[in-house]
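Colleague: Mind having a look at this structure? Questions to follow.
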Amino acid sequence: MSDQKNQTQNLTPRSQKKPGFWKTLFAKRWTFPAIYLGAAALIIGIVVAQTMNGTPKEPEATPPSGTMTNTDNQDALTTNASQQWMWPISTDGQEAAVTMKFYDQTKDEKTQAKSIIQYDNNFYTQNGVVIGRKDDKTFTVAAAASGTVSRVEADALMGNVVVIKHDNGYESYYASLADVEVKEGDKVVQSQPIAKSGNNRFEADQKNHLHFEVMKDGKQVDPESVLPKRGE
């Protein structure tokens, strides 16, 4: 994936412009929506082009599986009756909400643009969800389902990471963590606290948050397709 290059524009001398041109243009209601959608289409086009040209150059550390590549959107997957899920937050995180959604190729360009991350002069699709509080306060991260901790590590980009293996080929991935309370090999039960929310470099603009992913048989799944509706 090649780095973005700065582009210069050849500006028309002010004396050659027709009087009132810009005033007339921006007075039209469709001007700003057209500019916004055009910018969104350009960004999405760059992401697709970067993907077709190969895997992007990795920075100092390897991000979570699929996070820095543009993967095909998976159909919404429902869990088996024996594997129920809950939102990966404890009681002190009930005010937390999704601030960045999973990148879905079936959505319109405006929605897709909101799920694209810019890091180190490259664009990447969001293959999980970002959960945070409006007041930016830390909250407790809990296991979304019972299982076995298969990985605990400190990643230079994603912050502290915990991966839990569940039944039926599911895995849950928790990143941007602080104060991790579990270790590899631990058996955890649903709703058990595993860490606190924290920060990472890859999604630095999200401030204090939880980065949460779900995999089914090694493939990325929209976490909201397996999580219950809020309030249920």
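Colleague: Name every residue in segment 104-130 that is assigned to a loop (DSSP other than H, G, I, E, B) and within 20 Å of TYR173 (Cα to Cα), in order of residue number.
Modeller: Result: ASP104, SER115, GLN126, ASN127, GLY128.
Colleague: Take SER191 and decide whether it is in contact (Cβ under 8 Å) with a residue 60 or more places away in the chain, under 19 Å from GLN126 (Cβ atoms) and of a type in the set (Ser, Thr, Tyr).
Modeller: no
Colleague: Taking segment 91-112 as the region of interest, how many residues are surrounded by fewer than 20 Cβ atoms within 10 Å (Cβ to Cβ) and either in contact (Cβ under 8 Å) with a residue 24 or more places away in the chain or under 30 Å from GLN192 (Cα atoms) (or both)?
Modeller: Summing the residues that are surrounded by fewer than 20 Cβ atoms within 10 Å (Cβ to Cβ) and either in contact (Cβ under 8 Å) with a residue 24 or more places away in the chain or under 30 Å from GLN192 (Cα atoms) (or both) in segment 91-112 gives 13.
Colleague: When segment 210-223 is examined, which residues are found to be over 11 Å from the mean Cα position of the chain (by Cα) and not β-branched (Val, Ile, Thr)?
Modeller: Matches in segment 210-223: MET215, LYS216, ASP217, GLY218, LYS219, GLN220.
Colleague: When the residues of segment 113-130 are filtered to those that are surrounded by 17 or more Cβ atoms within 10 Å (Cβ to Cβ) and among the polar types (S, T, N, Q), which remaining residue is nearest to ALA144 (Cα to Cα)?
Modeller: For segment 113-130, the residue satisfying everything is ASN127.
Since every read-out is calculated from the coordinates, none of them should be taken as a lab result. No experiment lies behind these values; they were computed from the predicted model shown. Note that each Cβ is placed from the backbone with ideal geometry, even for glycine, and that neighbours are counted across all protein chains shown.
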